[in-house]
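To keep things clear, I will list the structure first and then write my remarks on it.
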Amino acid sequence: MKKPLKTLERVLSKAGLGSRTEARRWISAGRVAVNRKVILNPDHWVDMDRDKILFDAKPLVRKEHVYLVLYKPKGYLTTYKDPENRPTVYNLLGDVGTFVVPVGRLDLDTSGLLLLTNDTQFAERIMNPDFHVAKRYLVKASRLLTDEELDRLRHGLELEDGPTRPALVERLRDSEKYTHFEITLTEGRNRQVRRMVEALDASVLKLVRVAIGPLRIGALEVGKWRYLEPGERAALLPQRSLARKASTRLV
Ligand code: URA
């Protein structure tokens, strides 16, 4: 059976009150009590079934889970706060009534589908490569790519953090100077598409994430968000064994 033990910092951020950094700050400032005793250590273990947690002397109330999908534009960071004050995806959300975290990251210059949620378990499953949730991207390469080069992306190539998994790659069109193609990955390493294209001695001029699992960008406008339908959320979480089978079809 799953143990109800969690760190105090995690309990606060999971309750939708704020980021984990903020939670640590509040705990260190003495605003949180466990069983009537102020606890200053954010890594203090609490038993969710038994311990009574107070924040600013009020019982912690668990928030409903919220799932959003945003069409992230280029030029927005996927972080909460930026020391340089550049725009972040939070500037596009407005008040959604709870603190949501991005499910993985898109680079500053990448646009497209970004999920945000306060359900950390859901987020971890979508990001966990063991679940093989497919992410599909449209790519404009900095030059024309040969069939052999697209095959290298397809079969997996060596990056500094190890070989990439087989991917689905489809040439969409070649203009005079550039190849436009679609790539579907079942892992989400940092800057993975850009690094794969760089391994071919080319670069990415445009990158858009158009689908996550069965979820498509559809009619969502750039910079806008909407709530996920319950059915869409369920469809994003395949069984682990089914996910493996799906990924073997990628090879
Ligand atoms: N791959 C990248 O290189 N960048 C992203 O933002 C997403 C996938």
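The values are calculated or read from the model by the stated rules, or taken from the named source; none is laboratory data. Everything numeric here is computed off the predicted structure, so don't read it as measured data. Cβ coordinates were reconstructed from backbone atoms using ideal geometry, including for glycine residues, and neighbour counts include every protein chain displayed. Surface areas here come from the heavy atoms of the whole protein model, side chains and all, with no ligands, DNA or RNA. Shrake-Rupley method; radii C 1.70, N 1.55, O 1.52, S 1.80 Å.
Looking across region 178-233, the residues that are within 11 Å of the ligand (Cβ to nearest atom) and either in a helix (DSSP H, G or I) or basic (K, R) (or both) come down to R189, R191, Q192, V193, R194, R195, M196, V197, E198, R209. Every condition in (1) away from the ligand (no atom under 16 Å from the Cβ); (2) open to solvent by 60 Å² or more (accessible area, probe 1.4 Å); (3) over 11 Å from the mean Cα position of the chain (by Cα) holds for R86 except the one numbered (1).
Pairing residues of region 185-206 that are open to solvent by 50 Å² or more (accessible area, probe 1.4 Å) with residues that are near the ligand (Cβ under 8 Å from one of its atoms) and among the basic types (K, R), at Cβ distances under 7 Å and at least 6 apart in sequence or on separate chains, gives G188/K135. Look at (1) within 16 Å of the ligand (Cβ to nearest atom); (2) closer than 17 Å to L70 by Cβ and you find that T117 fails only one, number (1).
State whether one or more residues within region 46-62 are open to solvent by less than 10 Å² (accessible area, probe 1.4 Å) and touching a residue at least 12 places away in the same chain (Cβ under 8 Å). So far as region 46-62 goes, yes, one or more of its residues are open to solvent by less than 10 Å² (accessible area, probe 1.4 Å) and touching a residue at least 12 places away in the same chain (Cβ under 8 Å). Of all residues in region 126-177, those that are open to solvent by 80 Å² or more (accessible area, probe 1.4 Å), of a type in the set (A, V, I, L, M) and within 16 Å of the ligand (Cβ to nearest atom) total 2. Which of the following residues is touching an Asp or Glu at 6+ places or on another chain (Cβ under 8 Å) and modelled with pLDDT of 95 or more: E198, E160, E170? Every option except E170 fails the conditions. When region 133-156 is filtered for residues that are part of a loop (DSSP other than H, G, I, E, B) and touching a Leu at 6+ places or on another chain (Cβ under 8 Å), the ones remaining, listed by number, are V133, A134, S142, L145. Of everything in region 102-125 that is surrounded by 18 or more Cβ atoms within 10 Å (Cβ to Cβ) and β-branched (V, I, T), the residue that is nearest to V210 (Cα to Cα) is T110. Looking across region 9-38, the residues that are over 14 Å from V101 (Cβ atoms) and of a type in the set (K, R) come down to R24, R25, R31, R36, K37.
Within region 160-177, the set of residues being in contact with a Ser or Thr (Cβ under 7 Å, 6 or more places away or on another chain) and in a strand (DSSP E or B) comprises L168, R171.
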